[in-house]
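Engineer: Starting off with a structure, shown below.
Every number here is computed from the coordinates shown, using simple stated rules; none is lab data. Nothing here was measured: the structure is a model prediction, and the numbers come from that model. Heads up, the Cβs are rebuilt from the backbone with ideal geometry, glycines too, and the neighbour counts pull from every protein chain shown.
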Ligand SMILES: [Zn+2]
Ligand SMILES: [Zn+2]
């Protein structure tokens, strides 16, 4: 493992207007993730797991295409959220509509064939759960207590992601604004799964990628995405790889979050590449630095 220390003051100075929010796109968000999972699965030790995750992402994509209308915040509630710098679809307080429970059933049914035997058992078990039981598991997943049912948690998370991505896209960019919590998603108040340094029109800009609703929000580089410190930020990577995925660690709060560099690999996907780089989490674990944001599919803490 290698570490590079970046000194304070080496922050980016981007020219012109910076797009603060990048919302997920209905036609490509889960489709691109599925494609990336398939690509990563080809020559990976965890190939079977990643290939199964591709099937789940396919099912998420299908569910998102025909997601029914669900209640959304009124214009006045959105205005109040903007005024007070609060995320309007906060994951822990938003009153979920039962539609998302149907999405769990749809995703499990679609990913059942070809699923590993333990997953098939879980799928059958989820099929017998009531909405109340699913709601209880959803609370646990969103509260970071997936241990309540480790096997079912990824399916619950997959459906919750579809539900939140749908609400986010339906409300659209103008519904959201900066909040008072730059380390949490301005749409749903969840922590980021990774951050990503973009290319193209946003070349060199770093965005935090929401673990639940897929929204990306801008944060300057070489700044801790957890506590905003700019001192003692270090980058850890796995020696010998192409450096597309690093762990950005902060001395101040003792946490890290992975950062992905699209100029090193244009096909990177925050959720898929985070799971595929589990080896880096294992190395970081040895340093004693704690991971700050969750991957809702990472059930082995
Ligand atoms: Zn979010
Ligand atoms: Zn920090």
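Engineer: For residue 251, indicate whether it is away from ligand 1 (no atom under 16 Å from the Cβ), without any contact (Cβ under 8 Å) to a residue 40 or more places away in the chain and under 28 Å from residue 180 (Cβ atoms).
Structural biologist: yes
Engineer: Which condition from (1) out of contact with any helix residue (DSSP H, G or I) (no Cβ under 7 Å at 6 or more places or on another chain); (2) assigned to a strand (DSSP E or B); (3) more than 16 Å from ligand 1 (Cβ to nearest atom) is the one that residue 258 breaks?
Structural biologist: Result: residue 258 fails condition (1) only.
Engineer: While we're here: Please determine, by comparing only the residues of the stretch 254-293 that are out of contact with any strand residue (DSSP E or B) (no Cβ under 7 Å at 6 or more places or on another chain) and within 30 Å of residue 137 (Cβ to Cβ), which one is surrounded by the most Cβ atoms within 10 Å (Cβ to Cβ).
Structural biologist: 272
Engineer: Taking the residues in the stretch 164-189 that are surrounded by fewer than 24 Cβ atoms within 10 Å (Cβ to Cβ) and within 9 Å of ligand 1 (Cβ to nearest atom) as candidates, determine which candidate is farthest from residue 65 (Cα to Cα).
Structural biologist: Looking at residues that are surrounded by fewer than 24 Cβ atoms within 10 Å (Cβ to Cβ) and within 9 Å of ligand 1 (Cβ to nearest atom), I get 184.
Engineer: Considering 174, 194, 230, 222, which residue is more than 16 Å from ligand 2 (Cβ to nearest atom) and either in contact (Cβ under 8 Å) with a residue 40 or more places away in the chain or closer than 25 Å to residue 63 by Cα (or both)?
Structural biologist: Every option except 174 fails the conditions.
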